[in-house]
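Colleague: Questions regarding the structure given below will be posed in turn.
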Amino acid sequence: MEKELRLMKGNEAIAEAAIRAGTDGYFGYPITPQSEVLEYLMAEKPHERTGMVVLQAESEVAAINMVYGGAGCGKKIMTSSSSPGISLKQEGITYIAGAELPCLILNVVRGGPGLGTIQPAQSDYFQATKGGGHGDYHLIVLAPSSVQEMADFVELAYDLAFKYRNPAMILSDGAIGQMMEKVWLKPQKERSKEAPAWATTGKTPDRERNIITSLDLDSNKQEQFNIKLQDKYREMKEKEVRYEEFQCDDAEYLLVAYGTSARVCQKAIQLAREEGIKAGLLRPITLFPFPTKEIRRMADQVKGMLSVEMSAGQMVEDVRLAVNGKVPVEHFGRMGGIVTNAEEVVESLKTKIIGG
Amino acid sequence: MAENISPKTIIKPENLVHKRSSVLTDNTMHYCPGCGHGTAHNVLAEVIEEMDIQQDTIGVTPVGCSVLMYNYMNLDMQEAAHGRAPALATAIKRLLPEKYVFTYQGDGDLAAIGTAETIHSCNRGENILIIFINNGIYGMTGGQMAPTTLEGMKSSTSPYGRDKQMMGNPLKMTDIVATLPGTYYVTRQSVHKPANVRKTKKAIRKAFEYQKLNKGTCFIEIVSNCPSGWKMTPVESNKWMEENMFPFYPLGDFKVPEDK
């Protein structure tokens, strides 16, 4: 498969990109608005294309534990779901983090809580970036804001996940998953024939047995393991922060937004600048690690910040921590599956930050 | 004459009738005296050694008394969340179809919290071996009622005996999976007497051999004891098991391949 330009839904693009990235296994369960991922994979017969295993599990719980099993064999494994399904996967995700296994989890976020709605939302930010399951752990969290990034982040997520032996999440939303855009697809990458040294592939006489576990009953050892995890997260914060700036050079006011909200904010900045308001956008691409230093730096330049999220205000807490009281930081966003529009963002900037 | 009998005088190559399997590690098992887990581990290790498939075998351990099984088996192993071992094994086998894959699970793990994973793995006919240790109790957490706890049987959460009206009926998981088209070989054995140990070993060997055929799931229940949880001596527990567990969970084959 050569490099190719296609018109695709975000969910289809990420499924095709997963095949091309050399994914060994995908385990999923249907839920709106991400079912196209599993549907696309089943229709494409990746087993014939690359030998990739695709299986519809009996539940999200089973699917994430299949991810654990496959990842434990050193394979490139992926699962996808949407908010209520991601909640079900949290047990498996904390075990995967505890066993230090690389994998890719896609969350096409919909409004909650509970069964909520099937429309787009960004209200799973806390769950994605602060852990989600029990224990002190973090996922690597990437936030695509286009169909192109849905495709591109597959390989990036695998690279980071294997580099740090840590689960990576692509935190998308129902808008990015469902909308169609042009997308450049990369050429087919061969599936890896080699397993990492830690993988369970059968104990050969030349090495000790490999054990994949998150258990250590000795609390001293468990503390040492936790320290090691924290060191890993610290290293990610130093080396792996990714973000994008939009019209920040002369900005007096900063919008902070990711995913679909970042797209809306680009339009909002255009509208604001037509009114003479110098607004800029900082778009975190990695939500964990969060671009704390970059936002702190912007606090020296701007008069105030507005965190625009389709939630009651979750990322705004991380923005406030970064700014540490230097300038006002407020939140604006719609909830329950309503996508914020650009006019509302400008209005909110005026009333909450400029006028306030 | 008695002075001459010591380990030094007995352990000589010419007196050796049994040796520790090379598929077991040197770690001391943590199981209570008289518990069946050690024997079950041992026969499993012996089969893997005899078939010379150590480097082609991947095991999945449960949550329960045998959670630390990976400390005792000289094998590549994965430790699953409670009840999820068949999901792990499903992926391992599908990604490494040339390997032998087994799970080892207790009754709480397999027949309560992991019921869905058990039934769906068996129903899909995953080419794995599921070893199910049924001692009718949650041993590791201190003797609580299991899905397989017998009617009237006392546990720390059924202190007056299991009341079917209030607590439901004991679950015969092996009977259920035998009805599923995905299972290929289903049997119920025990490891409390030498003759039964031999039968169990034979069943495990058959199951691994069947795995080469890719015909479906092999499921071996081992009805076992829990002297600590049942608050009995090992000998009493085995007697109680024969008198109470076996009538409800009768030993024998449920599903045997016709062409073998």
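Colleague: Checking the conditions here, which among A:D159, A:D152 is surrounded by fewer than 24 Cβ atoms within 10 Å (Cβ to Cβ), under 21 Å from A:A21 (Cβ atoms), of a type in the set (D, E, K, R) and free of Cβ contacts under 8 Å to residues at least 40 places away in the same chain?
Modeller: A:D159
Colleague: So, restricting to strands (runs of 3 or more DSSP E) that lie completely within segment B:153-260, which ones have at least 3 residues that are over 25 Å from B:G139 (Cα atoms)?
Modeller: B:183-190, B:252-255
Colleague: If A:K45 passes every condition in (1) in contact with a Pro (Cβ under 6 Å, 6 or more places away or on another chain); (2) at positive phi; (3) not small (G, A, S) but one, which one does it miss?
Modeller: (1)
Colleague: Follow-up question, since we're still on this one. So which residues in segment B:155-166 are surrounded by fewer than 18 Cβ atoms within 10 Å (Cβ to Cβ), on the phi < 0 side of the Ramachandran plot and not acidic (D, E), if there are any at all?
Modeller: Within segment B:155-166, B:S156, B:T157, B:P159, B:Y160, B:K164, B:Q165, B:M166 qualify.
Colleague: Also, I was wondering about something else. Go through (1) surrounded by fewer than 24 Cβ atoms within 10 Å (Cβ to Cβ); (2) among the polar types (S, T, N, Q); (3) closer than 18 Å to B:I204 by Cα one by one and return the number of the condition B:Q105 breaks.
Modeller: (1)
Colleague: I've got another one for you. Among the aliphatic types (A, V, I, L, M) and more than 12 Å from chain A (Cβ to nearest Cβ): is that true of B:A85 in this structure?
Modeller: No, not satisfied.
Colleague: Given the condition in contact with a Gly (Cβ under 6 Å, 6 or more places away or on another chain), over 28 Å from B:P181 (Cα atoms) and polar (S, T, N, Q), answer yes or no: does some residue in segment B:63-73 qualify?
Modeller: No; the residues of segment B:63-73 include none that is in contact with a Gly (Cβ under 6 Å, 6 or more places away or on another chain), over 28 Å from B:P181 (Cα atoms) and polar (S, T, N, Q).
Colleague: I've got another one for you. Residues that are surrounded by 12 or more Cβ atoms within 10 Å (Cβ to Cβ), closer than 16 Å to A:G74 by Cβ and either within 14 Å of chain B (Cβ to nearest Cβ) or in contact with a helix residue (DSSP H, G or I) (Cβ under 9 Å, 6 or more places away or on another chain) (or both): does segment A:224-236 have at least one?
Modeller: Within segment A:224-236, not a single residue is surrounded by 12 or more Cβ atoms within 10 Å (Cβ to Cβ), closer than 16 Å to A:G74 by Cβ and either within 14 Å of chain B (Cβ to nearest Cβ) or in contact with a helix residue (DSSP H, G or I) (Cβ under 9 Å, 6 or more places away or on another chain) (or both).
Colleague: Listed residues B:N244, B:N169, B:N238, B:N214; which is on the phi > 0 side of the Ramachandran plot and modelled with pLDDT of 95 or more?
Modeller: B:N214
Colleague: Restricting attention to segment B:11-38, which residues are in contact with a helix residue (DSSP H, G or I) (Cβ under 8 Å, 6 or more places away or on another chain) and either loosely packed, with under 10 Cβ neighbours inside 10 Å or assigned to a helix (DSSP H, G or I) (or both)?
Modeller: B:P33, B:H37, listed by residue number.
Colleague: Identify all residues within segment A:47-59 that are away from chain B (no Cβ under 11 Å) and among the acidic types (D, E); write none if there are none.
Modeller: A:E48
Colleague: Take segment B:64-80 and flag every residue that is at the interface with chain A (Cβ under 7 Å from one of its Cβ atoms) and within 20 Å of B:M145 (Cα to Cα).
Modeller: Residue satisfying the conditions is B:V67 alone.
Colleague: Between residues in segment B:94-117 that are over 22 Å from A:M52 (Cα atoms) and within 13 Å of another protein chain (Cβ to nearest Cβ) and residues that are polar (S, T, N, Q) and surrounded by 19 or more Cβ atoms within 10 Å (Cβ to Cβ), which pairs lie under 7 Å by C-beta distance while being six or more apart or on different chains?
Modeller: From segment B:94-117, the pairs are B:G114/B:Q105.
Colleague: Would you mind finding the one in B:T61, B:T25 that is polar (S, T, N, Q), within 14 Å of chain A (Cβ to nearest Cβ) and either over 27 Å from A:G25 (Cα atoms) or out of contact with any Leu (no Cβ under 9 Å at 6 or more places or on another chain) (or both)?
Modeller: None of the other options fit; the residue is B:T25.
Colleague: Ok, one more. Look at A:I105 and say whether it is buried (at least 23 other Cβ atoms within 10 Å of the Cβ) and either more than 13 Å from chain B (Cβ to nearest Cβ) or part of a loop (DSSP other than H, G, I, E, B) (or both).
Modeller: yes
Colleague: Considering only residues that are under 19 Å from A:H134 (Cβ atoms) and facing chain B (nearest Cβ under 8 Å), look in segment A:200-216 and name the one that is surrounded by the most Cβ atoms within 10 Å (Cβ to Cβ).
Modeller: Checked segment A:200-216; the qualifying residue surrounded by the most Cβ atoms within 10 Å (Cβ to Cβ) is A:I212.
Colleague: Of the residues that make up segment A:74-93, is at least one modelled with pLDDT of 95 or more, facing chain B (nearest Cβ under 7 Å) and either over 25 Å from A:G202 (Cα atoms) or surrounded by fewer than 24 Cβ atoms within 10 Å (Cβ to Cβ) (or both)?
Modeller: So far as segment A:74-93 goes, yes, one or more of its residues are modelled with pLDDT of 95 or more, facing chain B (nearest Cβ under 7 Å) and either over 25 Å from A:G202 (Cα atoms) or surrounded by fewer than 24 Cβ atoms within 10 Å (Cβ to Cβ) (or both).
Colleague: May I pose another question? Go through segment A:34-51 and give me each residue that's surrounded by fewer than 24 Cβ atoms within 10 Å (Cβ to Cβ) and not in a helix (DSSP H, G or I).
Modeller: The answer is A:K45, A:T50, A:G51.
Colleague: State all residues of segment A:108-131 that are closer than 21 Å to A:A257 by Cα and either assigned to a loop (DSSP other than H, G, I, E, B) or not assigned by TED's automatic domain parsing to the domain that holds A:A97 (or both); if no residue qualifies, say none.
Modeller: Those that are closer than 21 Å to A:A257 by Cα and either assigned to a loop (DSSP other than H, G, I, E, B) or not assigned by TED's automatic domain parsing to the domain that holds A:A97 (or both): A:G111, A:G112, A:Q119, A:A121, A:Q122, A:S123, A:D124, A:K130, A:G131.
Colleague: Which of the residues spanning segment A:252-269 are within 10 Å of A:P284 (Cβ to Cβ) and either over 21 Å from the mean Cα position of the chain (by Cα) or not in a helix (DSSP H, G or I) (or both)?
Modeller: Matches in segment A:252-269: A:V256, A:A257, A:Y258.
Colleague: May I ask you to list the residues in segment B:49-83 that are among the aliphatic types (A, V, I, L, M) and crowded, with 24+ Cβ neighbours inside 10 Å?
Modeller: Residues satisfying the conditions are B:I58, B:V60, B:M73, B:L75, B:M77, B:A80, B:A81.
Colleague: So, A:L5, is that one within 14 Å of chain B (Cβ to nearest Cβ) and not β-branched (V, I, T) or not?
Modeller: When the stated conditions are applied, A:L5 does not pass them.
Colleague: Here's something else I'd like to know. Filter segment B:139-154 for residues that are touching a residue at least 12 places away in the same chain (Cβ under 8 Å) and among the small types (G, A, S); which is surrounded by the fewest Cβ atoms within 10 Å (Cβ to Cβ)?
Modeller: B:G142
Colleague: Something else about it: It is to be established whether one or more residues within segment A:159-174 are in contact with a Pro (Cβ under 6 Å, 6 or more places away or on another chain) and among the hydroxyl-bearing types (S, T, Y).
Modeller: yes
Colleague: Go through (1) surrounded by fewer than 24 Cβ atoms within 10 Å (Cβ to Cβ); (2) within 9 Å of another protein chain (Cβ to nearest Cβ); (3) in contact (Cβ under 8 Å) with a residue 12 or more places away in the chain one by one and return the number of the condition B:E46 breaks.
Modeller: Every condition holds for B:E46 apart from (2).
Colleague: I've got another one for you. So is B:A203 on the phi < 0 side of the Ramachandran plot and touching a strand residue (DSSP E or B) at 6+ places or on another chain (Cβ under 6 Å) or not?
Modeller: Yes: the conditions hold for B:A203.
Colleague: Here is a list of conditions, (1) within 16 Å of the chain's Cα centre (by Cα); (2) within 30 Å of A:G51 (Cα to Cα); (3) in a loop (DSSP other than H, G, I, E, B), and B:G59 meets all of them except one; can you say which number that is?
Modeller: Of the numbered conditions (1) within 16 Å of the chain's Cα centre (by Cα); (2) within 30 Å of A:G51 (Cα to Cα); (3) in a loop (DSSP other than H, G, I, E, B), the odd one out for B:G59 is (3).
Colleague: Give the residues of segment A:71-90 that are assigned to a helix (DSSP H, G or I) and within 18 Å of A:E155 (Cβ to Cβ), sorted by residue number.
Modeller: Of everything in segment A:71-90, just one residue is assigned to a helix (DSSP H, G or I) and within 18 Å of A:E155 (Cβ to Cβ), namely A:A71.
The values are calculated or read from the model by the stated rules, or taken from the named source; none is laboratory data. No experiment lies behind these values; they were computed from the predicted model shown. Because the Cβ atoms are built from the backbone with ideal geometry, glycine has one as well, and the counts that use them run over all protein chains shown.
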